[in-house]
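**Student:** Below is a structure I'd like to ask you about.
The values are calculated or read from the model by the stated rules, or taken from the named source; none is laboratory data. Only a predicted model underlies this, so the values are computations on that prediction, with no experimental measurement involved. Every residue, glycine as well, gets a Cβ built from its backbone with ideal geometry; the counts of neighbours run over all protein chains shown. Only protein heavy atoms, including side chains, enter the accessible area calculation; ligands, DNA and RNA are left aside. Shrake-Rupley method; radii C 1.70, N 1.55, O 1.52, S 1.80 Å.
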Amino acid sequence: VYKRQTIGGAVSISGALSVGGAANFASTVTVEGATHLQSTVSVNGVMTLNNDLDMQDDDKILLGTGDDLSIYHDGSNSYIDESGTGILYVRSNEVRINKYTGEQMIRATADADVSLYYDSALKLSTTSDGINVTGTATTDGAYHDGDVQFVGANYGVFWDKSDNCLLY
């Protein structure tokens with residue numbers, strides 16, 4: 001076994017290859033089958049995965065110089081943690097948060113509405129004038145700075161703030 005070996009051209013190894021020090025590759029390295037690395041792998045440039053990145057519970061994807069952003073699964077729950085002094089931004093023209101089955105929970109559309117769903121049924125959405133509630137709104141109080149109108153199938157009540165009167 002040589003201390004230093006330089007090989008030009010293609011090399012095919014069947015069986016185990018053990019490298020007990022640093023290995024430098026000046027070109028593309030193709031590995032077929034499982035590869036087990038027991039320490040740190042440093043990549044200068046782009047690393048492309050053509051399949052899944054399979055990580056175990058509590059293993060983290062760490063981003064940022066101080067590992068400020070982490071993505072991981074603890075065996076029961078999944079987390080995206082922003083632990084630095086900055087803000088976690090999610091940027092898109094439309095953001096949806098859905099149940100794992102696809103059921104809608106929240107939808108936010110740029111320059112338009114934000115909608116909240118209960119069991120995939122729209123319950124509250126923002127409008128250019130305020131909000132629209134579908135169903136019953138239960139509150140422990142209300143303050144209205146303007147006219148208020150209550151409309152039902154067989155009745156209607158209107159509070160006209162400018163006239164300070166209640167109309168039936």
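**Student:** Taking the condition of being open to solvent by 80 Å² or more (accessible area, probe 1.4 Å), at pLDDT 95 or above and part of a loop (DSSP other than H, G, I, E, B), how many residues in region 92-118 meet it?
**Tutor:** Qualifying residue count for the region: 2.
**Student:** Moving on to the next point. If you go through region 62-85, how many residues are under 25 Å from LYS99 (Cα atoms) and either within 16 Å of the chain's Cα centre (by Cα) or open to solvent by less than 80 Å² (accessible area, probe 1.4 Å) (or both)?
**Tutor:** Of the residues in that region, 13 qualify.
**Student:** Can I ask one more? Are any of the residues in region 152-162 part of a loop (DSSP other than H, G, I, E, B) and either of a type in the set (Asp, Glu) or modelled with pLDDT of 90 or more (or both)?
**Tutor:** Among the residues of region 152-162, not one is part of a loop (DSSP other than H, G, I, E, B) and either of a type in the set (Asp, Glu) or modelled with pLDDT of 90 or more (or both), which makes the answer no.
**Student:** Just give me the residues in region 119-151 being part of a loop (DSSP other than H, G, I, E, B), open to solvent by less than 100 Å² (accessible area, probe 1.4 Å) and of a type outside the set (A, V, I, L, M), in sequence order.
**Tutor:** SER120, THR127, GLY130, THR134, GLY135, THR139, GLY141, GLY146, ASP147
**Student:** Another question, then. Could you give every pair whose Cβ atoms fall below 7 Å, whose first residue belongs to region 54-74 and is among the acidic types (Asp, Glu), and whose second residue is open to solvent by 70 Å² or more (accessible area, probe 1.4 Å), counting only separations of at least 6 or pairs across chains?
**Tutor:** Cβ pairs passing all conditions: ASP68/SER83; ASP74/ASP57; ASP74/ASP58.
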